[in-house]
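To start, the structure under review is shown below, and the notes come after it.
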Amino acid sequence: MAGYRSGEAFVEPTQFGGKPSKSSVNKGVKRSSEASRIRIRPRSEAVHISRGRTALGMDLQGAIHPKSSREGLFVHQTRVLSRYRWLMNGKEPSLSTQSAVEQHSWLAYYFQAPPNCKQTPTKDCNPLQQTIELRIARVVGEGMHEDVEVINHTQIATTITLSLEVESDFVARDEIENGRKQKGKLKRHWEKTDNREWRWDFQYSCEHRYNHQGNRGVARLQRGITLQLCADSEAIHSGKKISFRIQLKPHQAWKACLIWQAQVDGKLLPVEHNCNALTSSEGEYSRQTLSFLRQATLVRTPAAADLSAAVQRVLDRSRLDLAGLRLFDLDEGDHNWKLAAGVPTYMGIFSRDMLAAAWQASMLSTDMGWGALTLLAKLQAKQTNDWRDEQPGRIAHESHTDPLAVLNFNPRALYFGTANAVFLYPILASTVWHWTGDKDRIRPLIKPALDALAWADKYSLRKNGFYKYQTRSNQGMKNQGWKDSSDAIVYPDGSQVEDPLGTCEMQAFAYAAKLHFSELLWWMDEVEQARRMYDEANELKKRFNERFWMKDEGYVAMAIDSRDRPVKTIASDPGHCLLSGIVHEDLVPRLVNRMMQPDLFSGWGVRTLSNAHPAYNPFAYHRGTVWPVENGAFVLALARYGLHPEMWQLSRALFEAAALFDYDRLPEVFGGHTRDENHPFPGLYEKADSPQAWSASVPFAIIQALVGIYPYAPLNVLFLDPSLPEWLPEITIEDMRVGNAQITLRFWREKNGKTSYRVTELEGNLHVIRQPSPWSLTANWGERVKDMISSLLPGK
């Protein structure tokens, strides 16, 4: 992509497998004598590309089969193409090479011998020596553009029959796995529109009468997919197949251009219309993506150092992945756009994913933050609806456009069963305020944030002063905290904790939301409300440490159950408490020490559940896997308390894990296996999405932690507290925006271990001050004053 440099090259991560060296915190990894071949591919049996509301899943031959839930052309979470297969002379051609080119494009080469191969000068029918080549290029969003080329690489004239098999079933992904629920009418129509142009139309409509907890009525669905075909020879249509009889002279080529345009409720969705779209950057989606990449912050690391080079590839990939998950139909200008959660499964609106990813990637850009905040304000609950777990002020958990949701087989067209998004919303609003200082844009978001907190205090806060969740929907989610799988919250004996229950991180998010939003209210001259919210946060902190702290374990309890008893399970959740600041400072060292013990820290990251727990399973979604999103938050937590060795250790583990995966990309989640000689790489959660928004945001959270960035745009100030490890001795951050200023900074590690920095470019008004974070345990007031004064000296 012109104007943007990205680390696309494949480089095997030679030293990243196996057991870390004893000095892994401070020493570089020892290079093995032989390059490792470790490379982990999520969903290894399929290839996925995506853009906007479109995801295309294919088998490794580039075909789509109806029985596979991972295959199909999905638009708005509806499978519009369920079978798709090219045949040459009635057979699948042999595959030479196939690969995604960018997140939204794919290319494959196939080969087959000509049917009259015996007429070649050598009378050789080896297809590699006498080759008819089939080249297929696909570009998606919203729908699919396909360029097909057949080339005769022989010395003889030949005739071949090229065929395309197509089916469409218009189902939700869940129906592929669990059986079809909705049954509508599918109409097909084929017509010739010009000399060598044809049209094939598939139109699906369905009605469903529903009745759920007082929600009753008739829901309707209309979806469609239309093929516009242009080819060098006559297209012959028969049933579910199109065929071409192609006559080729020696070295002659034949071409066809196929545009599959999707429809939702009668509306045609945009699709790239130009032939040869694989390399085109003329479309509106490409323009918007390139505009973002050119304006967003760029992080550079030295290419010479082995791990630094891997870090660069991970950062470049994350930057592209965040841009690639943009839901273009929800754009409100170039600087307000929304993220899909992940590919291929989570292509709808997920509030926690949007909020968390935007927060972690805020140093990259606030565009995603503004997008999440404005969209979720529009979706905020206005009524009480138990089937949707909805009460006034609650932030939506998810919103889907698949057939089962639209037809109200389930409540997920707009479902509110989340306890944490209501707190993440004001936290992100405060973060965007710190980065931009834009009163005019933030002011309309104050009421939605206050309404969300009011919901929490009215519907979730219990008499004992703690927040709990409990579903009211007969199709609702049992667990509505960070770990929302049904079996995630367990007692120490492995039995399930029933709702209502309150997880420790739920209290932590409530504390952080009220603490940070009280400051924003103060800036908006809502002084009394700010003071009251600040006091409520401090009272919650006091109660929390009295009830949740486990003195014998030196750790925080996972939750309190329906009888207000602490759930004394050792899990990852307390890391979020560390980040929020709700844990008393004198307890922090013990908490961190416990969190980094081998039963929780796998060597690749902190597990969701201790491997000493009877319910531990390294493959279970929330009972033993490692989630990059929460580990990124833990890195920030360690930085804020000045716990640099632990911060370096966890940061390194995450970058080394990312370097093991295809495209240097952190997946949604991976296995919790201990990193040692017998487990040189982690296992996979088999259904993990990749790319995933809140995993793509993690590398930027890590960089923000390592250089100690804390923006305060309302006062035109940027605080820095850099502490680079030996394995990443230099970082340059280019064109980072704070308020109306744009700054480039270079950081480097001195021989004595101290990190220095220099402002290399600055446009606008911004004061850069070296100052540890307010939570730091390593700096006294004298050191803070000294750092501040030295930051203001000339040449700094």
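The values are calculated or read from the model by the stated rules, or taken from the named source; none is laboratory data. The structure displayed is predicted, hence computed values, not measured ones. Cβ: placed from backbone, ideal geometry, glycine included. Neighbour counts: every protein chain shown.
Inspect all residues belonging to the stretch 609-632 and state whether any of them is β-branched (Val, Ile, Thr), in contact (Cβ under 8 Å) with a residue 24 or more places away in the chain and over 21 Å from Asp689 (Cβ atoms). Full working, then the answer.
Looking only at the stretch 609-632, we keep the residues that are β-branched (Val, Ile, Thr), and these are 625-626, 629.
Add one more test, that the residue is in contact (Cβ under 8 Å) with a residue 24 or more places away in the chain, and what stays is 625-626, 629.
When the remaining residues are screened for being over 21 Å from Asp689 (Cβ atoms), the result is none.
No, the conditions are met nowhere in the stretch 609-632.
Any residue that is farther than 24 Å from Leu320 by Cα, in a strand (DSSP E or B) and basic (Lys, Arg) - is there at least one of those in the stretch 258-277? Step through it out loud before you land on a result.
The initial filter retains those residues of the stretch 258-277 that are farther than 24 Å from Leu320 by Cα, namely 258-268, 275.
With in a strand (DSSP E or B) added as a condition, the list becomes 258-264, 267-268.
If we keep only those that are basic (Lys, Arg) as well, we get 267.
For the stretch 258-277, residues farther than 24 Å from Leu320 by Cα, in a strand (DSSP E or B) and basic (Lys, Arg): present.
Residues that are surrounded by fewer than 23 Cβ atoms within 10 Å (Cβ to Cβ): find the helices (runs of 4 or more DSSP H) completely inside the stretch 500-593 holding 2 or more of those. Walk me through how you get there before you give the answer.
Details: elements: 504-523, 527-548, 574-580.
By residue number, 504-523, 527-548.
Pairs only if they're at least six apart or on different chains, beta carbon under 6 angstrom, first in the stretch 230-257 and on the phi < 0 side of the Ramachandran plot and of a type outside the set (Lys, Arg), second at pLDDT below 95 and crowded, with 19+ Cβ neighbours inside 10 Å; list them, first residue then second.
Pairs that qualify, where the first residue is on the phi < 0 side of the Ramachandran plot and of a type outside the set (Lys, Arg) and the partner is at pLDDT below 95 and crowded, with 19+ Cβ neighbours inside 10 Å: there are none.
Give the residue that is farthest from the chain's Cα centre (by Cα), with candidates limited to residues of the stretch 607-629 that are outside any loop (DSSP other than H, G, I, E, B) and within 17 Å of Gln597 (Cα to Cα).
Checking each candidate, the answer is Leu609.
So that you can scan it fast, the table gives a plain yes or no per residue for (1) closer than 30 Å to Ile743 by Cβ; (2) part of a helix (DSSP H, G or I):
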| residue | (1), (2) |
| --- | --- |
| Thr345 | no, no |
| Arg352 | no, yes |
| Ala356 | yes, yes |
| Trp359 | yes, yes |
| Leu364 | yes, no |
| Trp370 | yes, yes |
| Leu373 | yes, yes |
| Lys378 | no, yes |
| Gln383 | no, no |
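Let me spell it out: the conditions are (1) surrounded by fewer than 24 Cβ atoms within 10 Å (Cβ to Cβ); (2) of a type in the set (Ser, Thr, Tyr); (3) modelled with pLDDT of 95 or more, and Tyr685 meets all of them except one. Which number is the exception?
The one condition Tyr685 does not meet is (3).
Of the residues that make up the stretch 139-161, is at least one of a type outside the set (D, E, K, R), touching a Lys or Arg at 6+ places or on another chain (Cβ under 8 Å) and closer than 21 Å to Ala405 by Cα?
Scanning the stretch 139-161 turns up no residue that is of a type outside the set (D, E, K, R), touching a Lys or Arg at 6+ places or on another chain (Cβ under 8 Å) and closer than 21 Å to Ala405 by Cα.
Could you tell me whether any residue of the stretch 603-616 is among the charged types (D, E, K, R) and surrounded by fewer than 24 Cβ atoms within 10 Å (Cβ to Cβ)?
Within the stretch 603-616, the first condition is being among the charged types (D, E, K, R), and the residues that meet it are 607.
Next cut, surrounded by fewer than 24 Cβ atoms within 10 Å (Cβ to Cβ) only: none.
Looking for residues that are among the charged types (D, E, K, R) and surrounded by fewer than 24 Cβ atoms within 10 Å (Cβ to Cβ), one finds none in the stretch 603-616, hence no.
Give all pairs with beta carbons closer than 6 Å in which a residue from the stretch 110-124 that is at pLDDT 90 or above meets a residue that is of a type in the set (D, E, K, R); count only pairs at least 6 apart in sequence or on separate chains.
Filtered contacts from the stretch 110-124: Phe111/Glu133.
Kindly indicate whether Lys483 is among the charged types (D, E, K, R) and under 20 Å from Pro574 (Cβ atoms). Spell out the reasoning first.
Working: among the charged types (D, E, K, R): yes; under 20 Å from Pro574 (Cβ atoms): yes.
Yes: the conditions hold for Lys483.
Within the stretch 677-699, restricting attention to residues that are touching a helix residue (DSSP H, G or I) at 6+ places or on another chain (Cβ under 6 Å) and hydrophobic (A, V, I, L, M, F, W, C), which residue is farthest from Leu56 (Cα to Cα)?
Quick first cut of the stretch 677-699, residues touching a helix residue (DSSP H, G or I) at 6+ places or on another chain (Cβ under 6 Å) only: 681, 691, 693-699.
Among the residues that remain, those that are also hydrophobic (A, V, I, L, M, F, W, C) are: 681, 693-694, 696, 698.
Values: Phe681: 28, Ala693: 18, Trp694: 21, Ala696: 20, Val698: 25 Å.
So the residue we want is Phe681.
Can you confirm whether Trp387 is part of a helix (DSSP H, G or I) and closer than 15 Å to Met477 by Cα? Outline the logic, then answer.
Numbers: part of a helix (DSSP H, G or I): yes; closer than 15 Å to Met477 by Cα: yes.
Against the criterion (part of a helix (DSSP H, G or I) and closer than 15 Å to Met477 by Cα), Trp387 qualifies.
Report, ordered by the first and then the second residue, all pairs with beta carbons closer than 6 Å, sequence separation of six or more or different chains, a first member in the stretch 537-551 that is free of Cβ contacts under 8 Å to residues at least 40 places away in the same chain and over 22 Å from Arg594 (Cβ atoms), and a second member that is crowded, with 20+ Cβ neighbours inside 10 Å and of a type in the set (D, E, K, R).
Ala537/Lys514
Among the numbered criteria (1) in a loop (DSSP other than H, G, I, E, B); (2) among the hydroxyl-bearing types (Ser, Thr, Tyr); (3) under 33 Å from the mean Cα position of the chain (by Cα), which one does Ser233 miss?
Looking at each condition in turn, Ser233 falls short on (3).
Within the stretch 200-218, can you find the residues that are in contact with a Phe, Trp or Tyr (Cβ under 6 Å, 6 or more places away or on another chain) and either not aromatic (Phe, Trp, Tyr) or not in a strand (DSSP E or B) (or both)?
Filtering the stretch 200-218 down to residues in contact with a Phe, Trp or Tyr (Cβ under 6 Å, 6 or more places away or on another chain) leaves 200, 204, 212-213, 215.
Of everything in the stretch 200-218, those that are in contact with a Phe, Trp or Tyr (Cβ under 6 Å, 6 or more places away or on another chain) and either not aromatic (Phe, Trp, Tyr) or not in a strand (DSSP E or B) (or both) turn out to be His212, Gln213, Asn215.
Give Phe74, Phe16 a once-over and let me know the one that is modelled with pLDDT under 85 and crowded, with 22+ Cβ neighbours inside 10 Å.
Numbers: Phe74 fails: modelled with pLDDT under 85.
When all the criteria are applied, what remains is Phe16.
Considering Ile446, Ile427, which residue is modelled with pLDDT of 95 or more, over 27 Å from Met558 (Cβ atoms) and in the same structural domain as Arg543 (by TED's automatic domain parsing)? Walk me through it before giving the result.
Working: Ile427 fails: over 27 Å from Met558 (Cβ atoms).
After applying the criteria, what remains is Ile446.
Would you mind stating whether Ser602 is over 13 Å from Cys504 (Cβ atoms), in contact with a Ser or Thr (Cβ under 7 Å, 6 or more places away or on another chain), of a type outside the set (Lys, Arg) and not assigned by TED's automatic domain parsing to the domain that holds Gln496?
On the way: over 13 Å from Cys504 (Cβ atoms): yes; in contact with a Ser or Thr (Cβ under 7 Å, 6 or more places away or on another chain): yes; of a type outside the set (Lys, Arg): yes; not assigned by TED's automatic domain parsing to the domain that holds Gln496: yes.
Answer is yes for this residue.
If I ask for residues that are part of a strand (DSSP E or B) and crowded, with 24+ Cβ neighbours inside 10 Å, which ones from the stretch 688-710 would you list?
Of all residues in the stretch 688-710, those part of a strand (DSSP E or B) come to 692, 710.
Selection gives Gln692 alone.
Looking at Pro725, Pro699, Pro680, Pro714, can you tell me which residue is under 29 Å from Ala340 (Cα atoms) and assigned by TED's automatic domain parsing to the domain that holds Thr301? Full working, then the answer.
Numbers: Pro725 fails: under 29 Å from Ala340 (Cα atoms); Pro680 fails: under 29 Å from Ala340 (Cα atoms); Pro714 fails: under 29 Å from Ala340 (Cα atoms).
Selected residue: Pro699, the only one of Pro725, Pro699, Pro680, Pro714 that is under 29 Å from Ala340 (Cα atoms) and assigned by TED's automatic domain parsing to the domain that holds Thr301.
Looking only at residues that are part of a strand (DSSP E or B) and under 20 Å from the mean Cα position of the chain (by Cα) in the stretch 79-111, which one is surrounded by the fewest Cβ atoms within 10 Å (Cβ to Cβ)?
First pass over the stretch 79-111, keeping only residues part of a strand (DSSP E or B): 79-81, 83-88, 91, 94-102, 105-111.
Next, from what is left, pick out any that are under 20 Å from the mean Cα position of the chain (by Cα): 100-102, 105.
Numbers: Ala100: 18, Val101: 15, Glu102: 18, Ser105: 22.
So the residue we want is Val101.
Where residues in the stretch 295-311 are modelled with pLDDT of 95 or more and part of a helix (DSSP H, G or I), which of them is farthest from Gly141 (Cα to Cα)? First the steps, then the outcome.
Our first condition is that a residue be modelled with pLDDT of 95 or more; within the stretch 295-311, this holds for 295-300, 311.
Imposing the further condition that a residue be part of a helix (DSSP H, G or I) reduces the set to 295, 311.
Details: Gln295: 23, Val311: 30 Å.
The residue in question is Val311.
Among the residues of the stretch 161-199 satisfying the criterion of being surrounded by 14 or more Cβ atoms within 10 Å (Cβ to Cβ) and assigned to a helix (DSSP H, G or I), which is nearest to the chain's Cα centre (by Cα)?
Once the filter is applied, the top-ranked residue is Arg173.
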